[in-house]
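To start, the structure under review is shown below, and the notes come after it.
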Amino acid sequence: MSTTHEVTNQVPILVGHDVAEDPALLESLRREGGGWAEEDVHALGKLAGGEQAQEWGRVVNENPPKLRTHDRVGNRIDEVEFHPYWHDLMDVAVSNGIHAAPWRDDRAGAHVARAAKMYVWGQVEAGHSCPISMTYAAVPALRHNAELAARYEPLLASGVYDYGLREPSTKRGLIAGMSMTEKQGGSDVRANTTTAVPSGDGSYVLTGHKWFTSAPMSDMFLTLAQAPAGLSCFLLPRVLPDGTRNRIHLQRLKDKLGNRSNASAEIEYDGAVGWLIGEEGRGVRTIIDMVNITRLDCVLGSASGMRYGVVRAAHHATHRSAFGSPLVEQPLMTNVLADLAIESEAASTVAMRLAGATDRAAAGDAQEEAFRRLGLAVTKYWVCKRAPSHAAEALECLGGNGYVEESQMPRLYREAPLSSIWEGSGNVAALDALRAMGKQPESVEAFFTEVGRAAGADARLDDATTRLHKELSNFDDLEYRARRVVESMALVLQGSLLVRHSPHAVADAFCASRFGGDWGVAFGTLPPGVDTASITARTASL
């Protein structure tokens with residue numbers, strides 16, 4: 001028998017583990033008030049690390065949704081067909097309350113528990129997180145219309161995934177989408193041309209084209225259109241109260257770089273019926289409640305992807321040998337893994353801190369709301385900007401194997417840029433941070449109060465904070481310098497959290513490489529003296 005195909009020195013598939021076995025995540029969960037959900041988070045983590053869930057994620061990305069605009073005899077149906085595994089993923093997410101459940105849960109830490117679950121379950125498959133996130137974010141915007149909120153919020157927060165085209169009030173649970181951008185404006189939604197004409201019965205008739213619509217098979221959408229008093233926010237159900245289909249036509253699905261399992265569509269409002277949310281002419285102010293919540297999920301999604309990548313890189317290095325020893329024992333690989341782990345822990349820690357701020361802000365804490373406003377803007381910019389380079393380096397740790405689809409690393413690499421674009425690309429996020437500082441100066445005070453809790457703990461962090469104060473005191477060319485300023489703010493915030501809450505080895509390496517001036521551009525350029533072994537062991541404990 002030929003032995004030319006005997007397989008040696010190949011890495012076993014990483015399956016059958018608890019994705020929630022993540023020290024930084026669990027420590028943050030407890031610290032931010034969601035420790036009561038730890039058992040549920042672990043149960044979800046075991047499901048996420050299981051063979052079945054991993055197969056769901058693989059298959060739905062290899063079998064993307066298909067658009068069916070008409071039935072066989074020519075009637076418009078505007079349906080998107082998903083692989084059955086998509087619905088399995090959605091069902092788990094909804095039944096675990098990762099959608100809008102925190103809005104019906106009065107326990108302190110409900111939003112934190114939900115964030116931990118989002119982070120864990122997102123490592124199975126990122127695409128279906130989009131409609132889950134939209135549903136979560138729709139509730140605070142919908143509350144600008146008390147009547148609509150009373151009717152639909154209980155169904156949006158229901159723990160039942162009830163897929164199918166039916167009138168919303170007849171279903172056991174609802175999913176919401178968002179439809180804002182148009183082809184002529186993109187992020188400049190004030191350039192929207194879709195019109196909304198009052199009907200006289202409290203409803204409006206909308207006509208126009210939307211360039212990107214998230215989750216087009218949702219039961220309802222929040223959308224922006226030009227009403228008589230200006231740009232306004234509306235709720236459009238796919239099925240009207242009388243049981244007829246709303247005139248929302250799907251033109252085509254986007255052929256995207258990543259996020260392949262999720263349908264993103266161009267849609268036409270051909271006299272579609274909607275109801276006003278908030279005041280006419282204040283649509284941006286109304287829907288920004290939704291946008292700010294989904295920005296939190298952008299950060300969580302990027303942090304989740306970083307964790308996915310570094311765990312697989314460490315797993316590979318642990319089980320793969322080269323040049324006479326396991327990769328994980330080789331100094332340069334350890335430097336790379338430790339640097340990836342530091343970035344991952346900084347991202348997850350700040351994401352969970354912002355989830356805690358969201359939880360406390362929802363309970364009426366004005367100081368936490370002020371911190372969240374600015375902290376989320378700067379973190380959304382930086383963490384989401386770091387995700388693609390982190391994914392590329394994690395993939396490279398697997399060598400040629402990482403470039404092959406079977407490793408699932410190419411899917412991570414394609415997915416990584418999305419959160420940096422979604423809900424405002426880098427420039428939009430950076431300018432939003434400047435806007436927050438200008439219009440809500442209390443957010444700056446709250447930000448530095450948070451950072452100041454680490455004062456005196458690390459001289460390099462203290463020096464970086466001093467430099468940041470100096471940057472912010474100079475208003476010359478501030479918009480031109482926006483990315484530099486916001487990056488510095490994000491790093492100082494991450495550093496302050498790691499110094500206070502993470503092991504010394506992690507905090508020391510972060511401050512040495514991000515503030516100390518002794519580092520390179522690429523991952524794996526940590527300076528000598530860093531305890532890379534301790535950092536890598538914290539990640540590779542699986």
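Rounded, prolate or oblate for the range 154-225? Axes are the square roots of the Cα gyration tensor eigenvalues, ordered a ≥ b ≥ c, and the cut-off for rounded is a/c under 1.5. Oblate, since a/c reaches 1.5 and b/c is not below a/b.
When the pairs Lys210/Lys380; Lys171/Lys256; Lys66/Lys385 are compared against a 28 Å limit on Cα-Cα distance, Lys171/Lys256; Lys66/Lys385 fall above it. Exposure here means at most 11 other Cβ atoms within 10 Å; with chymotrypsin sites (Phe, Trp or Tyr not before Pro) in a DSSP loop as sites, the longest stretch of the chain lacking them is 1-322.
Cβ-Cβ distance of Val404 and Tyr480, R₀ of 35 Å, FRET efficiency by 1/(1 + (r/R0)^6): the value works out to about 0.25. Rounded to the nearest 10 degrees, the angle from helix 459-473 to the longest Cα principal axis of the chain is 40 degrees. State whether the range 153-280 is rounded, prolate or oblate according to the following rule on the C-alpha gyration tensor (a ≥ b ≥ c being the square roots of its eigenvalues): a/c under 1.5 gives rounded; otherwise a/b larger than b/c gives prolate, and the remaining case gives oblate. It comes out oblate by the Cα gyration axes. Considering only beta bridges that DSSP places wholly inside the range 157-223, some 55 percent are antiparallel.
Secondary structure note: in the chain, about 90% of the DSSP beta bridges are antiparallel. Against the empirical curve 2.2 N^0.38 Å, the C-alpha radius of gyration of the range 490-541 lands at a ratio of 1.09.
Taking 13 Å as the straight-line reach from the Cα of Lys183, the aspartates and glutamates in range (excluding those fewer than 8 positions away in the same chain) are Glu266, Glu268.
If I take R0 = 41 Å and measure r between the Cβ atoms of Thr69 and Arg104 in this structure, what FRET efficiency does the formula 1/(1 + (r/R0)^6) give, to the nearest 0.05?
Calculated value: 0.70.
Between the helical axis of 129-142 and the longest alpha-carbon principal axis of the chain there is an angle of about 60 degrees.
Across the range 35-43, rounded Karplus estimates of 3J(HN,Hα) from the backbone phi angles (6.51 cos²θ - 1.76 cosθ + 1.60, θ = phi - 60°) give x, 4, 9, 4, 4, 5, 5, 5, 4 Hz, Gly and Pro being marked x. Neighbours of Ala138 by Cβ distance under 12 Å: Lys/Arg scored +1, Asp/Glu scored -1, total -2. Under the classification rounded if a/c is under 1.5, otherwise prolate if a/b is larger than b/c and oblate if not, where does the chain fall, given a ≥ b ≥ c as square roots of the Cα gyration tensor eigenvalues? In terms of gyration-tensor shape, oblate. With all pairs of different C-alpha atoms in the average, the Kirkwood value for the hydrodynamic radius of the range 285-539 is 18.7 Å. Computed over the range 23-281, the percent of Cα pairs more than 23 Å apart is 53. Charged neighbours of Val124, selected by a Cβ distance under 11 Å, balance to -2 (K, R count +1; D, E count -1).
For the range 427-542, the fraction of C-alpha pairs more than 17 angstrom apart is 60%.
For the range 432-508, the relative contact order is 37 percent, taking Cα pairs closer than 8 Å that sit 6 or more residues apart in sequence and dividing their mean separation by the residue count.
Per residue of the chain, what 222 nm ellipticity follows from adding -39500 (n - 2.57) for every DSSP H run with n ≥ 4, rounded to the nearest 500?
After summing the helix terms and dividing by the residues of the chain, the value is -16500 deg cm²/dmol.
All of the numbers you see were taken from the coordinates with simple rules; none came from a lab. None of the values given here were measured: they were computed from a predicted structure. Cβ atoms come from the backbone with ideal geometry, glycine included; neighbour counts cover every protein chain shown.
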